[in-house]
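Trainee: I have a structure I would like to understand better, so I am pasting it below and will then ask my questions one at a time.
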Amino acid sequence: ANKLRCLDRIALIRGFRKTQEARVASYSKFETKLHPMLKSGVFNSYPAACSEATAEFATLSADAKAAILVLEENGATEASKITARIQVATPLCLERHRLSPTTSICANCETRPSRARS
């Protein structure tokens, strides 16, 4: 959080957005590793995939929480509240999309086209 304190609100929000994009990419990377395991029934690499994803999510979540904290400290209360809601909702939206890829990721997101699963 200390290195973020010198940033203005716009830079904090942009950084938060990049962190959320990295979370989505990390989730997608995990899904890419998981899908072949589910298809084959061989889960030898599952513990490593989970450990990697968990470590990435922990780092990204800490970064997002730090940005939210600094926004709050800087008096950007509304921005802080919105980013906090996004931080909580992102994993839920990703999971909903994983379970039903033909529907929108979440109520506030645009509808995504169905992706082919082989």
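The values are calculated or read from the model by the stated rules, or taken from the named source; none is laboratory data. None of the values given here were measured: they were computed from a predicted structure. Please note that ligands, DNA and RNA were not included when accessible areas were found on the heavy atoms of the full protein model with its side chains. Shrake-Rupley method; radii C 1.70, N 1.55, O 1.52, S 1.80 Å.
Trainee: In whole Hz and in residue order, list the ³J(HN,Hα) couplings for segment 73-87 that follow from phi through the Karplus curve 6.51 cos²θ - 1.76 cosθ + 1.60, θ = phi - 60°; x for Gly and Pro.
Mentor: 4, 7, x, 8, 4, 5, 4, 4, 5, 5, 5, 5, 5, 5, 4
Trainee: Grab the Cα-Cα distance for ALA55 and ALA25, subtract it from 0.36 nm times how many residues apart they are, and report the gain in nm with one decimal. Could you put the intermediate results ahead of the total?
Mentor: Working: separation 30, 0.36 × 30 = 10.80 nm, distance 1.38 nm.
Gain on stretching ALA55 to ALA25: 9.4 nm.
Trainee: Excluding ligands and nucleic acids, what accessible area in Å² is computed for THR59 using a 1.4 Å probe, to the nearest 10?
Mentor: 80 Å²
Trainee: Taking 0.36 nm per intervening residue step and subtracting the Cα-Cα distance, what contour gain separates SER45 from ASN74 on full extension? Display every interim value, and only then the final one.
Mentor: Values: separation 29, 0.36 × 29 = 10.44 nm, distance 4.38 nm.
6.1 nm is the gain from fully extending SER45 to ASN74.
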